[in-house]
Amino acid sequence: MKNFSYMIITAIAIAGFQVLFSPVVLAENTGAPAEPRLDADTVREWSDRYFQAALENHQLTGAVVGFVQGGELLFSRGYGAADIETGAPADPATTRVRIGSTTKTFTATIIAQLIQEGRIEGVDTPANRYLRRIQLPDNDGTVITLRHLLTHTAGFADRFWFIGADTPVPVPASAEVIESLRPEFARPAGTRVVYSNFGVATLGWIIEDITGQSMEEAMDERIFRPLGMRDTELPVDLAEPEGLGSPGYLDADGLAGPVPFTAINPAIAQTGSIVSTVKDMARYMNAYLGHDGDLGDGVRRAAWAVLAENASGQGRMGMTFFLQDWAGQRVISHGGNWPGFHTWMTLLPDQDAGFFMSILSEPAPESLTTRFLRAARPSLAPPPSAGIASAAATHDQFLAAVFGPRRPMPAAGLDGSPREIAGLYRADRRPFDTVEALSALVFFESPLQVQAADGGVSIAGAAPWRADGQGGWVFDAPTRPRFARMSAPETDQPVLVPDIGIFTFTRVPAWANPKWHAIAIHLLVPLTLLGLLALAWRAPRHRGWPRLGVVGVGIAGAVMTACATLALPAGETLMSSWFAGHATRVTVFVIAANGLLLSAIVTLLAVLSGRLRGGARLLAVTAGIAALAVAVLLLPYNVIGLPVFQG
């Protein structure tokens with residue numbers, strides 16, 4: 001099977017973009033001007049300084065950027081290599097990049113066009129009115145509307161099952177394929193913005209069902225050709241697009257090898273597959289800003305209208321567009337990530353300007369040993385990669401450099417009740433009811449830690465975040481980030497929202513920390529292998545069902561270990577094949593885990609029966625208790641019992 005690097009995608013999703021709270025990122029000097037000024041010279045100066053330094057610091061292998069204003073592409077430049085294997089330089093006119101989830105804005109644009117044409121009644125129309133291949137279930141009595149899908153508020157849990165593909169997937173997707181991708185609901189509809197690939201994928205299926213065209217045809221006819229985006233396409237097969245950049249993996253010492261090409265599942269191409277260039281994306285930005293190829297006031301107003309938000313003062317949602325305020329400037333943007341490519345498109349309507357960047361970079365995959373050490377004993381782990389894994393922080397630094405801090409610092413001494421929000425918080429963009437929740441253990445997910453601190457609170461080690469008296473806390477850094485507490489009717493726990501406002505964090509009990517569960521499991525599973533020593537027992541009283549139970553523990557532990565480690569290419573994990581739509585390895589792991597529990601029960605019953613003596617008893621106690629503990633720790637991750645396998 002082709003070597004997949006989807007572990008990077010899941011690691012990003014599980015982390016919930018914790019890079020936004022990184023002390024290193026927050027403390028970086030953005031060089032904010034005394035008087036904000038946005039023009040080509042300012043952008044050129046910042047870009048040269050930022051991207052050249054990032055190259056020297058092994059943060060990226062290449063980048064392409066472009067700046068439009070007044071309908072013209074005033075500045076574009078490439079940095080580093082477009083192809084690390086040939087050494088070809090990055091060129092904003094010819095280097096093709098994967099724009100990832102920025103694709104979602106193109107899908108939303110077609111929805112806005114269909115509303116203008118009267119083929120869709122409006123955003124509050126039920127999605128099922130336009131769906132022909134499937135029908136979405138109600139979310140606890142609430143009918144799912146286009147607004148829910150456009151703003152990530154339908155309530156879907158997150159899934160990465162079959163996000164990539166190594167075997168052909170016919171498009172338009174069949175009802176069977178679509179149903180295999182559909183996640184369960186994790187929260188009531190309309191209560192929170194929590195990023196959902198499936199919601200936007202459904203918009204693509206609606207477009208196909210209304211127009212009778214494939215998404216590839218619809219985007220080409222409605223956007224690419226009218227705007228003259230000749231080097232842009234929506235790939236719907238597994239072939240690597242011609243002229244696509246070839247990024248590199250980066251470790252602490254620099255370049256560690258090429259990032260292999262991985263195809264997005266064609267059934268969900270509308271969520272992240274577009275390949276484009278800076279020159280073409282400049283045309284798209286200018287069209288939204290009302291210049292050549294103008295998409296029209298109706299489309300623009302519909303796409304940029306505020307449709308949802310998590311908390312006052314934080315980012316809001318338009319038709320998939322992220323809507324923010326930065327020092328009084330309207331900021332309309334979207335980013336995207338796919339292994340090797342990290343993109344951000346920023347529209348600044350008040351300045352009649354836009355900035356697009358695509359960063360070619362990826363932190364090198366880490367071995368299981370390194371991931372374990374980084375979680376359990378960071379001082380013993382190798383230095384981490386400096387490779388950029390999201391352009392979100394770069395976007396913020398660009399805005400801070402041009403316009404200064406996002407907001408003023410609040411006065412000291414305002415009461416934010418820091419002790420009421422102290423605790424551990426898990427990102428709500430994650431799987432809840434399927435075995436895919438196991439990803440949290442595979443990647444040693446570390447919850448966000450919030451603590452009371454002098455002058456405010458500490459979050460992810462950065463302090464103090466100062467209370468602003470309006471339900472939020474602000475950190476004194478050049479970008480002036482803020483997080484806010486929101487009210488969520490389905491939980492009595494605090495819920496926190498970062499600036500970007502496209503996901504939330506909910507407080508969990510200290511005992512529900514996936515990182516410590518993962519560490520414990522990785523220490524306990526080797527102890528279950530001791531059960532294999534029971535094969536050497538010779539005493540008659542030790543044979544029969546007592547030995548069968550102890551040996552069963554050893555065999556189950558061995559199978560689980562094999563699933564997690566054997567025949568995996570470098571950097572791959574237990575979950576890698578799952579992301580490509582293959583369930584075999586995970587299924588075997590789950591069967592073995594349930595066998596481990598049954599064997600542990602038999603083993604401990606044998607101990608209680610008194611049939612095991614001396615060393616045999618000690619062996620059975622050790623292996624049995626370790627096995628039982630592993631099974632108990634796996635319970636919250638839908639591995640034990642009858643786990644849900646969708647797909």
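The values are calculated or read from the model by the stated rules, or taken from the named source; none is laboratory data. All figures in this text were calculated on a predicted structure; none of them were measured in a lab. When we count neighbours, we look across all protein chains shown, and the Cβ atoms used for this are built from the backbone with ideal geometry, even at glycine. All accessible areas refer to the heavy atoms of the entire protein, side chains included, with ligands and DNA or RNA removed. Shrake-Rupley method; radii C 1.70, N 1.55, O 1.52, S 1.80 Å.
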Check region 149-159 and report whether any residue there is at pLDDT below 95, among the basic types (K, R) and open to solvent by less than 50 Å² (accessible area, probe 1.4 Å). yes
For the list (1) within 24 Å of P36 (Cβ to Cβ); (2) without any contact (Cβ under 8 Å) to a residue 24 or more places away in the chain, I need the number of the one condition that R301 fails. (1)
Under 18 Å from R482 (Cα atoms) and either in contact with a Gly (Cβ under 6 Å, 6 or more places away or on another chain) or outside any loop (DSSP other than H, G, I, E, B) (or both): does that describe L438? no
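Of everything in region 278-313 that's among the β-branched types (V, I, T) and out of contact with any helix residue (DSSP H, G or I) (no Cβ under 8 Å at 6 or more places or on another chain), which residue is least open to solvent (accessible area, probe 1.4 Å)? Break it down into steps so the answer makes sense when it comes.
Just the residues of region 278-313 that are among the β-branched types (V, I, T), to begin with: 278, 299, 306.
Add one more test, that the residue is out of contact with any helix residue (DSSP H, G or I) (no Cβ under 8 Å at 6 or more places or on another chain), and what stays is 278, 306.
Numbers: V278: 3, V306: 78 Å².
The selected residue is V278.
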Look through T142, T105 and report the one residue that is in contact with a Ser or Thr (Cβ under 6 Å, 6 or more places away or on another chain) and at pLDDT 95 or above. T105
Condition first: closer than 30 Å to I144 by Cβ and without any contact (Cβ under 8 Å) to a residue 60 or more places away in the chain. Now tell me which residues in region 212-232 satisfy that. G212, Q213, S214, E216, E217, D220, E221, F224
Within region 74-81, identify whether any single residue is in contact with a strand residue (DSSP E or B) (Cβ under 6 Å, 6 or more places away or on another chain), surrounded by fewer than 21 Cβ atoms within 10 Å (Cβ to Cβ) and not assigned by the TED database to the domain that holds P349, and answer yes or no. no
Could you check how many residues of region 453-477 are open to solvent by 40 Å² or more (accessible area, probe 1.4 Å) and more than 22 Å from V508 (Cβ to Cβ)? 7
Regarding region 433-442, can at least one residue be identified that is out of contact with any strand residue (DSSP E or B) (no Cβ under 9 Å at 6 or more places or on another chain), closer than 30 Å to L635 by Cβ, in contact (Cβ under 8 Å) with a residue 24 or more places away in the chain and of a type in the set (S, T, N, Q)? yes
Anything in region 233-277 that is open to solvent by 10 Å² or more (accessible area, probe 1.4 Å) and farther than 29 Å from S180 by Cβ? List them, or say none. E242, G243, S246, Y249, D251, A252, D253, L255, A256, G257, P258
Positions within region 402-436 being more than 23 Å from D158 (Cα to Cα) and of a type in the set (S, T, N, Q), in sequence order: S417
Identify, by number, the condition in (1) assigned to a strand (DSSP E or B); (2) surrounded by fewer than 22 Cβ atoms within 10 Å (Cβ to Cβ) that V450 doesn't meet. (2)
Scan region 571-586 and tell me whether some residue there is more than 28 Å from A534 (Cβ to Cβ), among the β-branched types (V, I, T) and not assigned by the TED database to the domain that holds P526. no
Within region 339-348, identify whether any single residue is touching a Phe, Trp or Tyr at 6+ places or on another chain (Cβ under 9 Å) and more than 25 Å from E309 (Cα to Cα), and answer yes or no. yes
Against the conditions (1) under 23 Å from the mean Cα position of the chain (by Cα); (2) of a type in the set (V, I, T); (3) within 18 Å of E217 (Cβ to Cβ), where does I206 fall short? Just the number, please. (1)
Pairs, first in the same structural domain as S246 (by the TED database) in region 86-100, second surrounded by fewer than 18 Cβ atoms within 10 Å (Cβ to Cβ), C-beta under 6 Å, six or more apart: R96/G243
Which residue, of A558, A570, is over 29 Å from A157 (Cβ atoms), surrounded by fewer than 20 Cβ atoms within 10 Å (Cβ to Cβ), within 29 Å of the chain's Cα centre (by Cα) and not aromatic (F, W, Y)? A570
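Run down F67, F106 and say which single residue is open to solvent by less than 20 Å² (accessible area, probe 1.4 Å), within 30 Å of L203 (Cα to Cα), under 26 Å from the mean Cα position of the chain (by Cα) and in contact (Cβ under 8 Å) with a residue 60 or more places away in the chain.
Details: F67 fails: under 26 Å from the mean Cα position of the chain (by Cα).
None of the other options fit; the residue is F106.
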How many of the residues in region 167-191 are open to solvent by less than 30 Å² (accessible area, probe 1.4 Å) and part of a loop (DSSP other than H, G, I, E, B)? 5
Can you run down the residue pairs with Cβ atoms below 8 Å, 6 or more apart or on separate chains, where the first is in region 243-254 and over 11 Å from T95 (Cα atoms) and the partner is among the aromatic types (F, W, Y) and not in a loop (DSSP other than H, G, I, E, B)? P247/F341
Is region 136-148 home to any residue that is within 30 Å of S487 (Cα to Cα), open to solvent by 20 Å² or more (accessible area, probe 1.4 Å) and among the small types (G, A, S)? yes
Being under 19 Å from D91 (Cβ atoms) and not assigned by the TED database to the domain that holds T95 is the requirement here; does D220 meet it? no
Per the list (1) assigned by the TED database to the domain that holds S333; (2) over 23 Å from I521 (Cβ atoms), residue check on D415 breaks on (1)
Looking only at residues in region 375-408 that are touching a strand residue (DSSP E or B) at 6+ places or on another chain (Cβ under 6 Å) and open to solvent by 10 Å² or more (accessible area, probe 1.4 Å), which one is farthest from V43 (Cα to Cα)? S385
Yes or no: W578 within 28 Å of P447 (Cβ to Cβ), among the hydrophobic types (A, V, I, L, M, F, W, C) and in contact (Cβ under 8 Å) with a residue 24 or more places away in the chain? yes
Picked from region 347-368 (must be of a type in the set (S, T, N, Q) and surrounded by fewer than 24 Cβ atoms within 10 Å (Cβ to Cβ)), the residue farthest from S47 (Cα to Cα) is S367
Those residues that are of a type in the set (D, E) and assigned to a strand (DSSP E or B), I need them from region 354-390; list them, please. E362
